[in-house]
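Just below is one structure, and these are the notes that go with it.
The values are calculated or read from the model by the stated rules, or taken from the named source; none is laboratory data. Quick caveat: nothing in here was measured; it's all calculated off a predicted structure. Heads up, the Cβs are rebuilt from the backbone with ideal geometry, glycines too, and the neighbour counts pull from every protein chain shown. SASA here: full protein model, heavy atoms, side chains in, ligands and nucleic acids out. Shrake-Rupley method; radii C 1.70, N 1.55, O 1.52, S 1.80 Å.
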Amino acid sequence: MRLTVLGGGGFRVPLVYRALAAGSPITEFVLHDVSEARLAAIRAVLAEMAAAHPGAPTVRVATDLDDALAGARFVFSAIRVDGLAGRTVDERVALAHGLLGQETTGPGGIAYGLRSVPVAMRVAQRVAAVAPDAWVINFTNPAGMITEAMQRVLGDRVVGICDSPIGLVRRAADALGVSGEHAVDYAVDYVGLNHLGWLRGLRVDGVDQLPRLLADDDALAGIEEVRLLGADWVRGLGALPNEYLYYYYNTREAIAAIRAASSTRGEFLRVQQEQFYAQAAGDPSDAWRRWTKVREERDSTYMAESREASGAGERAASDVAGGGYQQVALELMAALCGGPTRTMILNVRNGSAVPGLPPAAVVEVPCVVGGHGVTPLASAPLPGAMLGLLQQVKAVEQDTIEAAVTGSAALALRAFAQHPLVDSVPVAKDLLASYRTELPGLADVLR
């Protein structure tokens, strides 16, 4: 069974391969990327992993997209249009206007989406042409927006994944003492969009234990999202927020912390990864060790400026070591291939799962996954403040998709201006002009 990875030279690809090597139905792992140098470096890491894991999937490199896609049962999309250089622009332009400079949230996410949607839709068209029966697992950011765009071509066979919700659920379960062998005994009430959601309930043997958790200061102290936002605020919400809600609830503090840092996250990763790829090219025999060292540093510094500003402290060792998006992808593929039916938090077409959001909107909710496919579970109605935020951000996402598809600068401006983290139409106009100047690919998208 073949899995094709688009963005196969990406730094986190070995995480997926390592998960597969531990046991999966995948027998062939195909890497596609526009950079042959990056492919070679990642291929060197995987070669060492394969030597240490007999029975791991065979690896093939393909630089032609149709060749990479043909015969694939699963397509994993993890592309980054304009690379980390583009991410740096996404961040810095927003910060220069006094706004949040972040990869997926706020104006940076809109700019990233505008230039990524056309590429993702071209990929979807090629999947439809040469691998029409494949499932596409999307991790390309902004994940919800890109999944929704690709679904215009491929329908429900595109599923978006993220590791933030499962990390939040794992921390809550650990705090309640119901993780590990008791994990099958709890049911999750999580609802939102990608990077914008809340854990509203965690039922153990039919009883919601979230109120007990919210009342326990010591238990809450072990949850990173609570340390970021404060126990009193979380209790006021009556739910545990996804970590990315820090940027909405503590906007001024987040901007100040990012501006005070010596580099943005994109700049940090760009330097770190350029060094890794250069070293791997010079000595591929030691690629796995170098990759591991860089990955550990990357994981431990995730959202570091926000944790410092909020006093949340260092990331817990279990969060650094815990299974991330690669584990989500592995479990999703296993269930779709006829393994045990399971419930997973995924990015899927809404239908009627989240009242108040459009049927075609991609939402992030628990889904039943099995040989039948992916079925979202219905959510209880959201309170007004939560629903209003989701509706506003979803409208921005849909304007961004339509702007990218049609080339409409007017729709792109509306997306920037109506985002809750952009506080002025004139600033939105300046943002759009700056991004069009700094990102040649964006200038090609918008008329």
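So is Ile161 within 15 Å of the chain's Cα centre (by Cα), open to solvent by less than 50 Å² (accessible area, probe 1.4 Å) and within 29 Å of Pro383 (Cβ to Cβ) or not?
On the way: within 15 Å of the chain's Cα centre (by Cα): yes; open to solvent by less than 50 Å² (accessible area, probe 1.4 Å): yes; within 29 Å of Pro383 (Cβ to Cβ): yes.
When the stated conditions are applied, Ile161 passes them.
Just one residue in the set Asp189, Asp205, Asp232 is modelled with pLDDT under 95 and open to solvent by 40 Å² or more (accessible area, probe 1.4 Å); that residue is Asp205. Cβ-Cβ contacts under 7 Å between residues 6 or more apart (or on different chains), taken from a first residue in the stretch 159-178 that is farther than 16 Å from Glu224 by Cα to a second residue that is of a type in the set (Asp, Glu) and open to solvent by 20 Å² or more (accessible area, probe 1.4 Å), are listed as Val178/Asp185. The set of residues from the stretch 20-39 being hydrophobic (A, V, I, L, M, F, W, C) and surrounded by fewer than 18 Cβ atoms within 10 Å (Cβ to Cβ) comprises Ala22, Val34, Ala37.
Table: residues versus (1) of a type in the set (Lys, Arg); (2) in a helix (DSSP H, G or I); (3) at pLDDT below 95; (4) within 20 Å of Ile161 (Cβ to Cβ).
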residue: Val34; (1), (2), (3), (4): no, no, yes, no
residue: Arg43; (1), (2), (3), (4): yes, yes, no, no
residue: Gly55; (1), (2), (3), (4): no, no, yes, no
residue: Ile79; (1), (2), (3), (4): no, no, no, yes
residue: Asp90; (1), (2), (3), (4): no, yes, no, no
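Within the stretch 408-418, one or more residues are part of a helix (DSSP H, G or I), closer than 19 Å to Gly113 by Cβ and not hydrophobic (A, V, I, L, M, F, W, C). Among the residues making up the stretch 1-30, a single one is in contact with a strand residue (DSSP E or B) (Cβ under 8 Å, 6 or more places away or on another chain), farther than 16 Å from Arg80 by Cβ, assigned to a helix (DSSP H, G or I) and aliphatic (A, V, I, L, M): Leu20.
Pairs linking a residue in the stretch 283-310 that is closer than 15 Å to Phe11 by Cα to a residue that is open to solvent by 60 Å² or more (accessible area, probe 1.4 Å) and part of a helix (DSSP H, G or I), with Cβ atoms under 6 Å and 6 or more positions apart or on different chains, are Arg290/Gln279. Does the stretch 108-121 include one or more residues that are in a loop (DSSP other than H, G, I, E, B), touching a residue at least 60 places away in the same chain (Cβ under 8 Å) and surrounded by 24 or more Cβ atoms within 10 Å (Cβ to Cβ)? Within the stretch 108-121 (the criterion being in a loop (DSSP other than H, G, I, E, B), touching a residue at least 60 places away in the same chain (Cβ under 8 Å) and surrounded by 24 or more Cβ atoms within 10 Å (Cβ to Cβ)), the answer is no, since none of the residues qualifies. If I ask for residues that are acidic (Asp, Glu) and either open to solvent by 10 Å² or more (accessible area, probe 1.4 Å) or in contact with an Asp or Glu (Cβ under 6 Å, 6 or more places away or on another chain) (or both), which ones from the stretch 70-107 would you list? Across the stretch 70-107, the qualifying residues are Asp82, Glu103.
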